[in-house]
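Data first, discussion second: the structure below is written as structure tokens.
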Amino acid sequence: MILSIESSCDDSSISITQIETNKLIYHKKISQELQHSIYGGVVPELAARLHIEALPKILEECKEYFPKLKAIAVTNAPGLSVTLTEGVTMAKALVISLNLPLIAVNHLKGHIYSLFIEKDEILPMTVLLVSGGHTQIIQANSLNDMKVIASTMDDSFGESFDKVSKMLGLGYPGGPVVQEYALKGDDLRFVLPIPLSQSPKIEFSYSGLKNAVRMQIEKLENSEFGMNEQDKYDICASFQKTAVLHIVQKLKKLFKQNIPKNFAIVGGASANIYLRAQLEELCDKHNTNLYLSELKYCSDNAAMIGRVAVEQYKQNDFILISDIDVQSRIKELVWA
Ligand code: ATP
Ligand code: FE
């Protein structure tokens with residue numbers, strides 16, 4: 001079995017995965033959403049402090065599996081350096097005390113392998129990763145051959161939901177609440193510009209859309225009657241539609257170049273029902289198989305890290321405790 005630790009942002013999570021069968025023997029996650037909500041976003045120092053409390057608490061529950069462990073895995077990039085450090089430090093301590101090899105896992109590969117938790121892997125696949133920190137299209141051929149073919153120039157898809165939510169005073173994370181509000185809204189009421197719609201390039205941008213929403217909110221707030229709940233619903237509906245249409249437009253361009261046989265949406269924001277529905281339609285039209293992670297595995301978790309770790313273990317892909325480092329960003333476009 002492999003014990004895997006995830007602490008790249010605001011979720012403290014540990015999993016235990018059986019190597020031969022991919023079976024998830026144990027999985028727990030303690031989320032810090034409530035504690036960060038009042039700030040409208042994740043406060044790194046607070047997140048690090050909460051990991052120090054939560055991770056050992058979860059680890060206590062795993063003690064019975066220690067004799068069966070063959071390796072320790074941990075997310076080391078990308079993420080908040082101060083929170084990644086908490087997970088990596090715990091992993092190092094376990095490696096020393098239990099005399100086991102260490103596996104360093106790329107968090108984004110983890111999001112991709114969330115599709116394969118307790119399952120066999122299906123690759124090659126073209127993947128849309130939509131999360132708090134990323135909006136990317138990745139051509140995933142195998143674990144060691146993944147290439148980023150498109151990314152965002154500024155904000156990410158999930159982040160834009162968080163910022164709209166903050167502007168409307170709806171708390172953090174923004175995705176689920178904006179989606180809820182959008183259900184009650186009229187998505188035709190506000191006409192917002194679809195980002196980069198005239199550009200032939202396949203890339204993303206969300207800062208312009210965010211600013212357009214900000215201007216619309218200011219206009220409503222300064223109007224005679226101020227902003228009411230229905231205005232908020234309508235803003236959320238119009239924003240969500242535009243944010244998703246931006247992705248659909250760019251994917252249509254991609255599908256024109258090359259229709260993928262297998263396509264997947266992963267990352268925390270892949271839970272968005274409107275996005276899922278639109279991409280189901282697109283894939284249906286092109287006879288492309290669409291893969292989605294289970295909702296509980298869309299946001300950060302250690303089960304997905306464990307699923308990657310199993311593959312790395314089979315490849316003897318270990319790292320020395322003196323060599324592991326945390327990285328807040330992954331700059332390489334090809335992940336080996
Ligand atoms: P990264 O994986 O890029 O390092 P992260 O780990 O912080 O970033 P995730 O936990 O994968 O991000 O996803 C969190 C993001 O997903 C938040 O921005 C949140 O608002 C967004 N999100 C969650 N549910 C939804 C939803 N239903 N609609 C839109 N966005 C959503
Ligand atoms: Fe993530």
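Just so it is clear, none of the values below were taken in a lab; they were calculated from the coordinates. If you're wondering where the values come from, they're calculated on a predicted model, not measured in any experiment. Please note: Cβ atoms are built from the backbone with ideal geometry, for glycine as well, and neighbour counts cover all protein chains shown.
Placing a pseudo-label 7 Å from each Cα along the Cα-to-Cβ vector at Ile19 and Glu203 gives an inter-label distance of 4.3 nm. Which residues among the stretch 1-36 fall inside the zone where the amide N is under 13 Å from a point 7 Å beyond the Cα of Lys68, along Cα→Cβ? Taking a point 7 Å out along Cα→Cβ of Lys68, the residues of the stretch 1-36 whose backbone N falls under 13 Å are 1-3, 16-27. Relative to the Cα centre, the charge distribution of the stretch 1-120, modelled as +1 at Lys and Arg Cβ and -1 at Asp and Glu Cβ, gives a dipole magnitude of about 300 debye. Relative contact order for the stretch 125-292: 27 percent, from Cα pairs under 8 Å spaced at least 6 residues apart, divided by residue count. Summing Lys and Arg as +1 and Asp and Glu as -1 over all other residues whose Cβ lies under 15 Å from the Cβ of Asp145 gives a net charge of -2. A straight Cα-to-Cα reach below 20 Å connects Lys314 with the lysines Lys23, Lys68, Lys70, Lys109, Lys119, residues fewer than 8 places away in its own chain not being considered. Dipole magnitude for the chain: computed about the Cα centre from +1 point charges on Lys and Arg Cβ and -1 point charges on Asp and Glu Cβ, it is near 700 debye. Distance from a point 7 Å along Cα→Cβ of Glu224 to each backbone N in the stretch 168-196: keep the residues under 16 Å and list them by number. What the label zone holds, given the 16 Å backbone N cut-off, is no residue at all.
Over the residues of the chain, the helix contribution to mean residue ellipticity at 222 nm works out to -13000 deg cm²/dmol, using -39500 (n - 2.57) for each DSSP H run of at least 4. Listed peptides 197-205, 6-14 appear in the order 6-14, 197-205 once ranked by packing, highest mean of other Cβ atoms within 10 Å at the front.
Using the number of other C-beta atoms within 10 angstrom as an exposure proxy, rank Phe161, Phe66 with the fewest first. Intermediate values should be presented prior to the final figure.
Numbers: Phe161 32, Phe66 15.
Taking fewest neighbouring Cβ atoms as first place, the list is Phe66, Phe161.
The stretch 119-252: percent of C-alpha pairs farther apart than 26 Å? Mind dumping the intermediate values first?
Numbers: 2525 of 8911 pairs.
The share of Cα pairs beyond 26 Å in the stretch 119-252 comes to 28 percent.
Report the convex hull volume per residue for the chain, counting only C-alpha atoms, in Å³.
Numbers: hull volume 41.9 nm³, N = 336.
About 125 Å³ per residue, rounded to a whole number.
A simple spin-label model places the labels of Glu61 and Leu34 1.6 nm from each other, with each point 7 Å out along Cα-to-Cβ. If you plug the beta carbon distance of Asn141 and Asn211 into 1/(1 + (r/R0)^6) with R0 = 30 Å, you get a FRET efficiency near 0.20.
If we count every other residue with Cβ under 13 angstrom of Ser15's Cβ, Lys/Arg +1 and Asp/Glu -1, where does the sum land? Intermediate values should be presented prior to the final figure.
Working: positive: Lys23, Lys28, Lys29, Lys296, Arg307; negative: Glu6, Asp11, Glu61, Glu118, Asp300.
Summing Lys and Arg as +1 and Asp and Glu as -1 gives 0.
Between Lys331 and Leu123, what is the FRET efficiency for a Förster distance of 22 Å, r being their Cβ-Cβ separation, to the nearest 0.05? It would help to have the intermediate numbers written out before the result.
Working: r = 23 Å, r/R0 = 1.06.
With a Förster radius of 22 Å, E is 0.40.
Note on the chain: GNM, Cα springs under 10 Å; of Ile96, Ile305, Ile138, the largest mean-square fluctuation is that of Ile96.
Look at the alpha carbon pairs under 8 Å that are at least 6 residues apart: their mean separation over the length of the chain gives a relative contact order of 25 percent.
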